[in-house]
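The values are calculated or read from the model by the stated rules, or taken from the named source; none is laboratory data. The shown structure was predicted, so the numbers you read here are calculated from the model rather than taken from an experiment. Cβ placement follows ideal geometry from the backbone for every residue including glycine, while neighbour counts extend to all protein chains displayed. Areas reflect the complete protein model, heavy atoms only, side chains present, ligands, DNA and RNA absent. Shrake-Rupley method; radii C 1.70, N 1.55, O 1.52, S 1.80 Å.
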Amino acid sequence: MSRIGRMPIAIPAEVTVDIAENNQVTVKGPKGSLERVFAPEMEITVEGAEVIVKRPNDQKRMKALHGLTRTLIANMITGVTEGYKKELEIVGVGMRASKSGNKLTLNLGFSHPVEMEDPEGVEATVDGEKIIVSGIDKEKVGQYAANIRDKKRPEPYKGKGIRYANEHVRRKVGKAGK
């Protein structure tokens, strides 16, 4: 049995979980609401203040879906109560970020500024050399942070570029001189 899949998910007092037909799960909380359709084979039930996910058989696909379904529902509940955030750092001389409305403008040493628009449900804020991406959907927050990082990845010689706050950039030795 899946160790992750068989664990019940506790529902906090301020959160409501509704399960409609075709395994459409709606989670509403103080920060907003999230909705997602899961595999129809999974059996999702609300018992008291817990969500329980069961699988029909022990096929490899069902085992994989069991843990995935449970984790995604747990992430939805965490998102509507606490929310998610990712921090990015800009390292390098002349590299800056600025925010106006829902548009993030990055000056990364290119001949033009790179403009990115915040996706729905995700907000980016600029604090000096840091960009903080926050929202209630873990998947969208992570994807937007990855898209920002992709505009100028950290290079291995001087470490310049955009990196996650906790990321370690592996450095290389430069060209040996005479």
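Give the stretch 19-35 a look and list any residue that's open to solvent by 80 Å² or more (accessible area, probe 1.4 Å) and either within 15 Å of LEU72 (Cα to Cα) or not polar (S, T, N, Q) (or both), or say none.
GLU21, LYS28, PRO30, LYS31, GLU35
What number goes with the only condition from (1) at pLDDT 95 or above; (2) closer than 30 Å to PRO156 by Cα that GLY109 does not pass?
Here GLY109 clears every test but (1).
Can you tell me which residue among LYS86, LYS140, LYS175 is without any contact (Cβ under 8 Å) to a residue 60 or more places away in the chain and either closer than 30 Å to ARG6 by Cβ or touching an Asp or Glu at 6+ places or on another chain (Cβ under 9 Å) (or both)?
Only one candidate passes the filter, namely LYS140.
Name the residue that is modelled with the lowest pLDDT, counting only residues in the stretch 36-52 that are loosely packed, with under 12 Cβ neighbours inside 10 Å and of a type outside the set (Ser, Thr, Tyr).
Selected residue: GLY48.
Starting from the stretch 31-52, take each residue that is in a loop (DSSP other than H, G, I, E, B) and list its partners that are surrounded by 14 or more Cβ atoms within 10 Å (Cβ to Cβ) and among the charged types (D, E, K, R), counting only C-beta distances under 7 angstrom and pairs at least six apart or across chains.
Cβ pairs passing all conditions: MET42/ARG55.
I'd like to verify a number: residues in the stretch 149-178 that are open to solvent by 90 Å² or more (accessible area, probe 1.4 Å) and either of a type in the set (A, V, I, L, M, F, W, C) or within 16 Å of VAL93 (Cα to Cα) (or both), how many?
So the answer is 5.
Output the number of residues of the stretch 71-95 satisfying the condition of being under 16 Å from VAL25 (Cα atoms) and aliphatic (A, V, I, L, M).
6
Filtering the stretch 85-97 down to residues that are over 14 Å from GLY159 (Cβ atoms) and either out of contact with any strand residue (DSSP E or B) (no Cβ under 6 Å at 6 or more places or on another chain) or of a type in the set (Gly, Ala, Ser) (or both), which residue is modelled with the highest pLDDT?
Here the answer is ALA97.
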